[in-house]
Amino acid sequence: MILDIRPCNAPLGAEITGIDLGRPIDEATFRHIDQAYAQYGVIFFRDQHITPEQHLAFTMRFGELDPSPHTPYALPGYPDILRVTNIQEQGRNIGLADAGLTWHTDMSWREIPPRGSTLYAIEVPEQNGQVLGDTVFASAAAAYETLSDAMRAHLDGLTAIHQYAAKHAYRAKVSISDRSDLERTYPDVHHPVVRTHPISGRRCLYVVPGECTGIAGMPDDEALPLLQTLAERIVRPEFQYRHQWQVGDLVMWDNCLVQHLAIRDYALPQRRLMHRTTIAGTPTF
Ligand SMILES: [Fe+2]
């Protein structure tokens, strides 16, 4: 296999070619992939044909599996693979139908958020030859690195309060899956407003619209506008890469370096089916 890493024309993202994820990957090749993942924040492989077992084995090269909280939507027989899909059987969703419809980084309402996730595309919606259901990624690292020195100094040492219930309320207007089992079962957690990437040491803005309810030790009338300004900055168009899916794509993202947004511009009978795995993370700092 001859690995080639092709950066996207954006401040994040790279396509990796010359690799078949269904075959064993030697340690040296894997190290290149892992480095690209930590460097580009989003990496993707086109035209893959992998079984659930191969998908899990590849994911586990990057770390422990992070169990999904959305267990009713696991692929039958595979509790560590979450189905992200709008497909219904007998009138019920068979997977998470509304994942990622607001900008976010995954599970930042947890004490230890996951390192990242992989999505493997099995069915991709189309209309008149036009692919639908893109995913947009934005570089939280670029958003930080282009701040003024004064703003960086101002943010240094601040921690934001992340709350699942607030996120749930914020996204309720676009939510259709039953997440009532998750509601209010998570205590507030604190994460640094500027998070350091555990591998590269790069610094990234780490605030989430709707979910962050304040900044520790700062009055709300100062903290809330600041959180809003930072959240809007992360998702500026110049910091984005938009992924247009093809069947057989495996895309993976890093939850420290990037935020993401699912574009919901399709509906049944246009079907979208993805298998998602998640890699456990490390404490934020
Ligand atoms: Fe997500």
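In this label model, A169 and E27 are separated by 5.1 nm, measuring between points 7 Å along each Cα→Cβ vector. The apolar share of the surface of the chain, taken as the fraction of accessible area on carbon and sulfur atoms (1.4 Å probe, ligands and nucleic acids excluded), comes to 51 percent.
In terms of the mean number of neighbouring beta-carbon atoms within 10 Å, the peptides 50-61, 189-200, 218-229 order highest first as 189-200, 50-61, 218-229. With a Förster radius of 51 Å applied to the beta-carbon distance between M151 and E89, the computed FRET efficiency rounds to 0.55.
For the chain, the solvent-accessible area works out to 44 Å² per residue, with a probe of 1.4 Å and every protein chain left in place. You can think of it this way: the chain between D4 and Q228 has 76.8 nm of extra reach, that is 0.36 nm per residue less the Cα-Cα gap. The Cα center of region 38-93 and the Cα center of region 217-285 differ in position by 17 Å.
Each peptide among 92-100, 141-149 gets the average number of other Cβ atoms lying within 10 Å of its residues, and from highest to lowest they stand as 92-100, 141-149.
The values are calculated or read from the model by the stated rules, or taken from the named source; none is laboratory data. Since we're looking at a predicted model, the values are computed, not measured. Note that we place each Cβ from the backbone using ideal geometry, even for glycine, and neighbour counts take in every protein chain shown. Ligands, DNA and RNA are stripped out before the accessible areas are found, and what is left, the full protein with its side chains, is counted by its heavy atoms. Shrake-Rupley method; radii C 1.70, N 1.55, O 1.52, S 1.80 Å.
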